[in-house]
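**Student:** Dumping the structure here so I can ask a few things about it.
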Amino acid sequence: MSTTGRPSPRPGGAGTRETVAPAGQASGIRRGLTSYGDAEFSLFLRRAFIKGAGYSDDVLDKPVIGIINTGSGFNPCHGNMPALLEAVKRGVLMAGGLPVDFPTISLHESFAQPTSMFLRNLMSMDTEEMIRAQPMDAVVLIGGCDKTVPAQLMGAASAGVPAITLVTGSMLTGGYRGQRVGACTDCRAFWGRFRSGEIDQQQIDDVNSQLVGSVGTCSVMGTASTMACLTEAMGIALPGSASPPAVTADRVRIAEQTGTQAVGLAAQRTDMGSILTRKAFENGLRVLLAIGGSTNAIIHLTAVAGRLGIRLRLEDLDRMSAATPVLVDLKPTGKYYMEDFHRAGGVPAVLRELGDLIHRDVPTVTGRTLGEEIDDSGPGFPQDIVRPLSNPVYPEGSLAFLRGNLAPGGAIIKQAAVPAHLLEHSGRAVVFADTADLAARIDDDALDVVAGDVLVLRNIGPVGAPGMPEAGYLPIPKKLAAQGVRDMVRISDGRMSGTAAGAVVLHVTPESAVGGPLRLVRTGDTITLSVSRRLIQIEVSDEELARREEALGPPPAPVAERGYRKLYVSEVTQADEGCDFRFLQSTQLPRRTSHELVPEPDQGKPPIVSRRF
Ligand code: FES
């Protein structure tokens, strides 16, 4: 190594002018040179600057592995980022690569206003452009909190650089008066008990200190855990990488192995599209159903697939659901936590139990097929958290896809989390215009509502709120909660947290703010939910709906004067397209023409509506 400032001997010319490889063939720091009009000068400058940080020429000849650092003081779900970065770098160095970490936007569910979903696409753009702009042969995507993993997958899919996901891992559970507790299913349960007067201010304050036992992502099968499991099932993360909690040695070892594997991906130039094929997405959907995963994952998978030119059809999910039991007994649909899931074998145990329902011949980031990885994961052992197909937690998949004149483009319900008496229900609609109206009236003793009513909330869709908040889990009116009512049918064009459960119909498409039929519902109308018939219906004639639509006129254009918000409301798609921006979707993505209902010949026939949206 030279200490004189002269270049050290290195392949391609010791101390001489370096030849710049043609675009597309360059590797390491020679990739993607900055435009100065003189490529050799660009490389000369780049070397000078990075050597200013103490790097030697020898190191700069190695393959560069970018590592996305999403650590942030505003993101406790990523609070183990320093340990993960150190371990990934160690793994990269051991395999002969040069690790270089760089920051992108980081999003935490409780610290992003108006919603993290509003900012997911911005994070995906940041991720895509920083991967593309900077010289790296492969990239490690370190994410965890709900929107971060989807944003990273979307961005990396579009950037086209070999990528591997590493999740931060789940938090530990805490304890309150002898009861095990964890975010966020228990957060909602305790809050409900506080609202109904069952526990007092001191008790809710005390449990608040115990719900989040450590750094890491929510400790149940919420959106973060779901996306972690899906990355592993789709082969874009290492086998066994989804479930180790954030603060464990297993998590750090996975990080080290991920760094090592990233160097292999760089050598093979394995792009994300060759791993995330349609079959891989089908495996993802299958596992989503089997783990009782988050409804949000449907939106995220649709968006990631859209970046790769693949359109996911919710009808396909529904067909899979009929043949895929829920096998994992985790909250919110079951009773255990992520750390239990890890001890029970994690995703490899689920894949093993699913057997022939999984495509085994798909490639993974390890260079081997998913089937080979499943075979290598070893035999199962006695435990009651990942059940066999013969003894499931729930006989069908956790999610059901609904259609009807209230949701021509579809809606989702987590059927495994619905009390049996509400799976088939007709009730009187009690309508709230938006979240402000809901907040103003839901706890009013004068509110005309009974337990059998159907709560309807509109204007919380992708455009309406904007950002599709997780407000679809409408609170039970206080006076009914005090009477012991714990669940009601609730319908909205918004989302709910993956950690929540109940008779909640979500993602009604198209949303009310862009003219969807949800805006035509009036308090007093009868609404029918039939999960067995996959139906969500307003019992009002087409003629009357047409009259209401004419009286309302077209929906007002969304108001946004400038900046990202203006971009968002003009470009965001509906839930059935993953709420991605139109201009970010792959140009190869088959276009959807309308939300018009076309009943399938062999299925329950939802009513045809003539309106197009
Ligand atoms: Fe980050 Fe739940 S708030 S995963």
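The values are calculated or read from the model by the stated rules, or taken from the named source; none is laboratory data. No experiment lies behind these values; they were computed from the predicted model shown. Note that each Cβ is placed from the backbone with ideal geometry, even for glycine, and that neighbours are counted across all protein chains shown. Ligands, DNA and RNA are stripped out before the accessible areas are found, and what is left, the full protein with its side chains, is counted by its heavy atoms. Shrake-Rupley method; radii C 1.70, N 1.55, O 1.52, S 1.80 Å.
**Student:** Can we say M154 is within 14 Å of the ligand (Cβ to nearest atom), closer than 24 Å to A465 by Cβ and either in a helix (DSSP H, G or I) or of a type in the set (D, E, K, R) (or both)? Walk me through how you get there before you give the answer.
**Tutor:** Details: within 14 Å of the ligand (Cβ to nearest atom): no; closer than 24 Å to A465 by Cβ: yes; either in a helix (DSSP H, G or I) or of a type in the set (D, E, K, R) (or both): yes.
Answer is no for this residue.
**Student:** Next question, about the same structure. Could you tell me which of the residues P348, P379, P363, P392 is modelled with pLDDT under 95 and over 30 Å from P510 (Cα atoms)? If you could, list the steps in order and put the result at the bottom.
**Tutor:** Details: P348 fails: modelled with pLDDT under 95; P363 fails: modelled with pLDDT under 95; P392 fails: modelled with pLDDT under 95.
On inspection, the qualifying residue turns out to be P379.
**Student:** Condition first: under 28 Å from M496 (Cβ atoms) and part of a loop (DSSP other than H, G, I, E, B). Can you find one or more residues in the stretch 130-141 that meet it?
**Tutor:** Here is the first cut: in the stretch 130-141, the ones under 28 Å from M496 (Cβ atoms) are 141.
With part of a loop (DSSP other than H, G, I, E, B) added as a condition, the list becomes none.
Scanning the stretch 130-141, I find no residue that is under 28 Å from M496 (Cβ atoms) and part of a loop (DSSP other than H, G, I, E, B), so the answer is no.
**Student:** Filter the stretch 99-151 down to residues that are within 13 Å of the chain's Cα centre (by Cα) and more than 16 Å from the ligand (Cβ to nearest atom) and give me whichever is surrounded by the most Cβ atoms within 10 Å (Cβ to Cβ).
**Tutor:** Among those that are within 13 Å of the chain's Cα centre (by Cα) and more than 16 Å from the ligand (Cβ to nearest atom), it is S124.
**Student:** Quick check: is even one residue across the stretch 399-420 at pLDDT below 95, assigned to a loop (DSSP other than H, G, I, E, B), open to solvent by less than 10 Å² (accessible area, probe 1.4 Å) and of a type in the set (A, V, I, L, M)?
**Tutor:** Yes, that holds for at least one residue.
**Student:** Does the stretch 193-241 hold any residues that are in a helix (DSSP H, G or I), under 21 Å from E282 (Cβ atoms) and within 16 Å of the ligand (Cβ to nearest atom), and which are they?
**Tutor:** First, the residues of the stretch 193-241 that are in a helix (DSSP H, G or I): 193-195, 201-208, 223-233.
Right, trim to under 21 Å from E282 (Cβ atoms) and you get 223, 225-233.
Once the filter is applied, which keeps residues that are in a helix (DSSP H, G or I), under 21 Å from E282 (Cβ atoms) and within 16 Å of the ligand (Cβ to nearest atom), the stretch 193-241 yields T223, S225, T226, M227, A228, C229, L230, T231.
**Student:** Go through the stretch 1-17 residue by residue and tally those that are at pLDDT 50 or above and either of a type in the set (F, W, Y) or closer than 24 Å to V263 by Cα (or both).
**Tutor:** Taking the stretch 1-17 as the starting set, the residues that turn out to be at pLDDT 50 or above are 6, 10, 16-17.
With either of a type in the set (F, W, Y) or closer than 24 Å to V263 by Cα (or both) added as a condition, the list becomes 10.
Within the stretch 1-17, residues that are at pLDDT 50 or above and either of a type in the set (F, W, Y) or closer than 24 Å to V263 by Cα (or both) number 1.
**Student:** Is there a residue being out of contact with any Phe, Trp or Tyr (no Cβ under 8 Å at 6 or more places or on another chain), surrounded by fewer than 24 Cβ atoms within 10 Å (Cβ to Cβ) and of a type in the set (D, E, K, R) anywhere in the stretch 206-226?
**Tutor:** No, the stretch 206-226 contains no residue that is out of contact with any Phe, Trp or Tyr (no Cβ under 8 Å at 6 or more places or on another chain), surrounded by fewer than 24 Cβ atoms within 10 Å (Cβ to Cβ) and of a type in the set (D, E, K, R).
**Student:** Let me ask you something else. Among the residues of the stretch 437-449, are any in a loop (DSSP other than H, G, I, E, B), within 30 Å of T302 (Cα to Cα) and touching a residue at least 24 places away in the same chain (Cβ under 8 Å)? Don't jump to the end; show me each part of the working.
**Tutor:** Restricting attention to the stretch 437-449, the residues satisfying the condition of being in a loop (DSSP other than H, G, I, E, B) are 442-449.
Filter again for within 30 Å of T302 (Cα to Cα), leaving none.
No, because not a single residue in the stretch 437-449 is in a loop (DSSP other than H, G, I, E, B), within 30 Å of T302 (Cα to Cα) and touching a residue at least 24 places away in the same chain (Cβ under 8 Å).
**Student:** For the stretch 476-484, does any single residue satisfy the condition of being small (G, A, S), at pLDDT 95 or above and not in a helix (DSSP H, G or I)? Steps first, please.
**Tutor:** Here is the first cut: in the stretch 476-484, the ones small (G, A, S) are 481-482, 484.
If we keep only those that are at pLDDT 95 or above as well, we get none.
No, there is no match, as no residue in the stretch 476-484 is small (G, A, S), at pLDDT 95 or above and not in a helix (DSSP H, G or I).
**Student:** While we're looking at this one, here's another question. I need every pair where a residue in the stretch 183-197 that is of a type in the set (S, T, Y) has its Cβ under 6 Å from the Cβ of a residue that is open to solvent by less than 50 Å² (accessible area, probe 1.4 Å) and more than 15 Å from the ligand (Cβ to nearest atom), sequence separation at least 6 or different chains.
**Tutor:** If the second residue must be open to solvent by less than 50 Å² (accessible area, probe 1.4 Å) and more than 15 Å from the ligand (Cβ to nearest atom), the pairs left are S196/A481.
**Student:** Being assigned to a helix (DSSP H, G or I), out of contact with any Pro (no Cβ under 8 Å at 6 or more places or on another chain), in contact (Cβ under 8 Å) with a residue 24 or more places away in the chain and under 25 Å from L85 (Cβ atoms) is the requirement here; does L43 meet it? Before the answer, list the steps.
**Tutor:** Numbers: assigned to a helix (DSSP H, G or I): yes; out of contact with any Pro (no Cβ under 8 Å at 6 or more places or on another chain): yes; in contact (Cβ under 8 Å) with a residue 24 or more places away in the chain: yes; under 25 Å from L85 (Cβ atoms): no.
Answer is no for this residue.
**Student:** I'd like to know if the stretch 376-394 contains one or more residues that are under 22 Å from the mean Cα position of the chain (by Cα) and either hydroxyl-bearing (S, T, Y) or assigned to a helix (DSSP H, G or I) (or both).
**Tutor:** No, that holds for no residue.
**Student:** Does S497 qualify as being within 16 Å of the ligand (Cβ to nearest atom) and in contact with a Lys or Arg (Cβ under 8 Å, 6 or more places away or on another chain)?
**Tutor:** Numbers: within 16 Å of the ligand (Cβ to nearest atom): yes; in contact with a Lys or Arg (Cβ under 8 Å, 6 or more places away or on another chain): yes.
Answer is yes for this residue.
**Student:** Give the residue that is farthest from the ligand (Cβ to nearest atom), with candidates limited to residues of the stretch 44-68 that are more than 36 Å from the chain's Cα centre (by Cα) and open to solvent by 60 Å² or more (accessible area, probe 1.4 Å).
**Tutor:** Going through the qualifying residues, I end up with F44.
**Student:** Another question, then. Kindly indicate the residue of the stretch 171-189 that is hydroxyl-bearing (S, T, Y) and either within 12 Å of the ligand (Cβ to nearest atom) or part of a loop (DSSP other than H, G, I, E, B) (or both) and also surrounded by the fewest Cβ atoms within 10 Å (Cβ to Cβ) among those meeting that condition.
**Tutor:** Taking the stretch 171-189 first, the residues hydroxyl-bearing (S, T, Y) are 173, 176, 185.
Subset that is either within 12 Å of the ligand (Cβ to nearest atom) or part of a loop (DSSP other than H, G, I, E, B) (or both): 173, 185.
Working: T173: 23, T185: 27.
Checking each candidate, the answer is T173.
**Student:** Look through the stretch 500-513, keep the residues that are in a loop (DSSP other than H, G, I, E, B) and of a type in the set (A, V, I, L, M), and return whichever of them is nearest to the ligand (Cβ to nearest atom). Reasoning before the result, please.
**Tutor:** Our first condition is that a residue be in a loop (DSSP other than H, G, I, E, B); within the stretch 500-513, this holds for 500-503, 510-511.
Still in the list and also of a type in the set (A, V, I, L, M): 500-501, 503.
Working: A500: 12, A501: 15, A503: 23 Å.
So, considering only residues that are in a loop (DSSP other than H, G, I, E, B) and of a type in the set (A, V, I, L, M), the one nearest to the ligand (Cβ to nearest atom) is A500.
**Student:** So which residues in the stretch 69-98 are open to solvent by 30 Å² or more (accessible area, probe 1.4 Å), assigned to a helix (DSSP H, G or I) and within 16 Å of the ligand (Cβ to nearest atom), if there are any at all?
**Tutor:** Within the stretch 69-98, just P76 meets the criteria.
**Student:** Let me ask something additional. Is there any pair linking a residue in the stretch 542-555 that is within 17 Å of T523 (Cα to Cα) to one that is surrounded by 11 or more Cβ atoms within 10 Å (Cβ to Cβ), with Cβ under 7 Å and at least six apart or on different chains, and which?
**Tutor:** Cβ pairs passing all conditions: L545/P517; L545/L520; R548/L520; E549/L520; L552/R519.
**Student:** Go through (1) over 27 Å from T499 (Cα atoms); (2) touching a residue at least 24 places away in the same chain (Cβ under 8 Å) and name the single condition D356 misses.
**Tutor:** (2)
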